[in-house]
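Written below as structure tokens is the structure these notes are about.
The values are calculated or read from the model by the stated rules, or taken from the named source; none is laboratory data. From a predicted model like this one, the values you see are computed outputs, not experimental measurements. Neighbour counts are summed over all protein chains in view; Cβ atoms, including those assigned to glycine, are modelled from backbone coordinates with ideal geometry. For the accessible areas, the whole protein counts, side chains as well, though only heavy atoms, and no ligand, DNA or RNA atoms are used. Shrake-Rupley method; radii C 1.70, N 1.55, O 1.52, S 1.80 Å.
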Amino acid sequence: MALLLGIDFGTSYFKVGLFEETGDLRGLGRIAVDKVSPLPGRSELPVDRFWQLLRAGLAEALAQAKATSAEIAGLSYSSQANTFVLLDRQDEPLTPLVIWSDRRAHPVDPAVAAFGDTAQFQRTTGFAGLGAEFAAVKWRWFQAQQAALWARTARVMTLPEYFTFALTGEAAGDASTAALTGMYATAEGGWWPAAIDFFRVPTTALCRPLSPGSPCGKTVPRARELLGLPPGVPFAVGGLDHYMAAIGTGIDRLGDASISTGTVLAALQLVDRVEPVAHCYHGPHFDGRFYRLAFDPAGAAQLEDCQRQFAPHLTLAQLTALAATVPPAAAPAAARSQDPDRRLGGMVRGIMERISTTHRTLLQRLQPPRPVSRVIATGGGARSMEWLQINADILNATVVAPRCPERACLGAAAFAAVAAGLFPKVPVALLAMVHAEREVQPRVEAVAVYAGARAAGT
């Protein structure tokens, strides 16, 4: 049976999923990413370790699927943005993978900050502001702080570009992650000449950005050494992790927008045009439209911190079950209870309601042309029935939970299925592979309670 390989390059975990063309998950490898910090503010992953982690993840997935790599018919990925590596003229790494969260370029050069605040930058890229997390900002840092190393640099490659190049020999990547570098002209497509000049990156050092889901050659013999894949496996470029998770949830078919509860909180919607919207980012969709993304760094770690501090003996499922015993908007009072279970339930429900309220703010930030009536939930929050209900009540919208728990991997697998020739187009693949598991409706009484609490400022 043909298997489709979808890899999710998360910041904390790499996930390696093997899927059937029906969308059923046959095997999953979940590998913690053991980043290193050689100096304060630095965050790196040695290139050899990168491949070791992926090989371990694929081996785990194949073992679960009781399959071999010869059965893999196609592959693609979902990726973080702004993580990169510098390569020399022999295409050997000069640096480890520098993770997007690396802060070596802080504080940002005032000239760089001013460039990111211009109206032209916002109109061209689809977002405003440049921080130390952006790859291009760190490339300027290398030019100034490690000039000799920069002089040896022949290529600059983001993580998905390097992955594509190493496995296929194609110096290409996806425009979806390129759109978050600050150097991509999102509406027009292609690298932005003014940004290339400003950041002093030769065009010969850049990869070719392709539309998400575009076929991009096949694996070369070196893929066996790097990842354990045979040569000749069709490859498709993927996209930004939040976008790929939305693809794997059935965005636009099963819901108007998607929300994600993970390391960060995110909301995403498809739009027809790139228009500067405060605190939002844009990137290309595979059909010529664009995604609009808003996110908040205060993610699900809030709940995990609560668990570690107050209830290490309980699972997250047990904590959310305690939260279910607390009525809507009653968390503050319950958290003051003398009863330990009620107090803990109140604390947990308060965190869940706070995260759902943040999702409400993020959806509003997207400035949808009409009220959002159906929202697809992804991430940890989509696994909890109670959290789905809280989301439905606070958002006053139907909340859809897809069947597959690994949505970003599934989105990548759908791209891989098209590259493999199993489906003629991405929408056809998504129709066959992405399915809803349940829908949760807002409760009129709870919607009113939450609306009253917002009006009262509580």
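Against the criterion of being of a type in the set (Val, Ile, Thr) and touching a strand residue (DSSP E or B) at 6+ places or on another chain (Cβ under 9 Å), residue 326 does not qualify.
Among the residues making up region 162-172, those that are of a type in the set (A, V, I, L, M, F, W, C) and open to solvent by 10 Å² or more (accessible area, probe 1.4 Å) are 165, 171.
Within region 356-381, being open to solvent by less than 10 Å² (accessible area, probe 1.4 Å), in a helix (DSSP H, G or I) and in contact with an Asp or Glu (Cβ under 9 Å, 6 or more places away or on another chain) holds for 356, 359, 362.
Yes or no, residue by residue, for (1) under 13 Å from the mean Cα position of the chain (by Cα); (2) more than 25 Å from residue 183 (Cα to Cα):
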site	(1), (2)
210	no, no
225	no, yes
241	yes, no
276	no, no
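Suppose the filter is in contact with a strand residue (DSSP E or B) (Cβ under 8 Å, 6 or more places away or on another chain) and farther than 27 Å from residue 310 by Cα; does residue 382 pass it? Don't jump to the end; show me each part of the working.
Values: in contact with a strand residue (DSSP E or B) (Cβ under 8 Å, 6 or more places away or on another chain): yes; farther than 27 Å from residue 310 by Cα: no.
No, not satisfied.
Of the residues in region 50-71, none is touching a residue at least 24 places away in the same chain (Cβ under 8 Å), closer than 17 Å to residue 132 by Cβ and surrounded by fewer than 20 Cβ atoms within 10 Å (Cβ to Cβ). When you check residue 136 against the structure, is it assigned by the TED database to the domain that holds residue 204 and either open to solvent by 30 Å² or more (accessible area, probe 1.4 Å) or touching a Lys or Arg at 6+ places or on another chain (Cβ under 8 Å) (or both), yes or no? Considered against the rule, which asks whether it is assigned by the TED database to the domain that holds residue 204 and either open to solvent by 30 Å² or more (accessible area, probe 1.4 Å) or touching a Lys or Arg at 6+ places or on another chain (Cβ under 8 Å) (or both), residue 136 comes out as no.
From the list 168, 177, 186, 158, which one is in contact with a Gly (Cβ under 7 Å, 6 or more places away or on another chain), under 13 Å from residue 87 (Cβ atoms) and modelled with pLDDT of 95 or more?
Result: 158 is the single residue among 168, 177, 186, 158 that is in contact with a Gly (Cβ under 7 Å, 6 or more places away or on another chain), under 13 Å from residue 87 (Cβ atoms) and modelled with pLDDT of 95 or more.
Summed over region 8-39, the residues that are part of a loop (DSSP other than H, G, I, E, B) and over 20 Å from the mean Cα position of the chain (by Cα) give a count of 7. Here is a check on your reading of the model: is residue 95 closer than 23 Å to residue 263 by Cα and buried (at least 16 other Cβ atoms within 10 Å of the Cβ)? No: the conditions fail for residue 95.
Just to be sure before I move on: is residue 36 surrounded by fewer than 18 Cβ atoms within 10 Å (Cβ to Cβ), under 30 Å from residue 152 (Cβ atoms) and in contact with a strand residue (DSSP E or B) (Cβ under 6 Å, 6 or more places away or on another chain) in the structure I sent? It is true that residue 36 is surrounded by fewer than 18 Cβ atoms within 10 Å (Cβ to Cβ), under 30 Å from residue 152 (Cβ atoms) and in contact with a strand residue (DSSP E or B) (Cβ under 6 Å, 6 or more places away or on another chain). Counting only residues that are hydroxyl-bearing (Ser, Thr, Tyr) and modelled with pLDDT under 95, which one in region 1-57 is nearest to residue 69 (Cα to Cα)? This residue is 13.
Condition check ((1) among the charged types (D, E, K, R); (2) under 25 Å from the mean Cα position of the chain (by Cα)) across all residues:
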| residue | (1), (2) |
| --- | --- |
| 80 | no, yes |
| 96 | no, yes |
| 102 | yes, yes |
| 112 | no, no |
| 132 | no, yes |
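Of the residues making up region 405-458, those that are open to solvent by less than 30 Å² (accessible area, probe 1.4 Å), within 20 Å of residue 376 (Cβ to Cβ), out of contact with any helix residue (DSSP H, G or I) (no Cβ under 8 Å at 6 or more places or on another chain) and part of a helix (DSSP H, G or I) number 1.
Looking only at residues in region 390-404 that are open to solvent by 10 Å² or more (accessible area, probe 1.4 Å) and not hydrophobic (A, V, I, L, M, F, W, C), which one is nearest to residue 241 (Cα to Cα)? Residue satisfying both the conditions and the ranking: 403.
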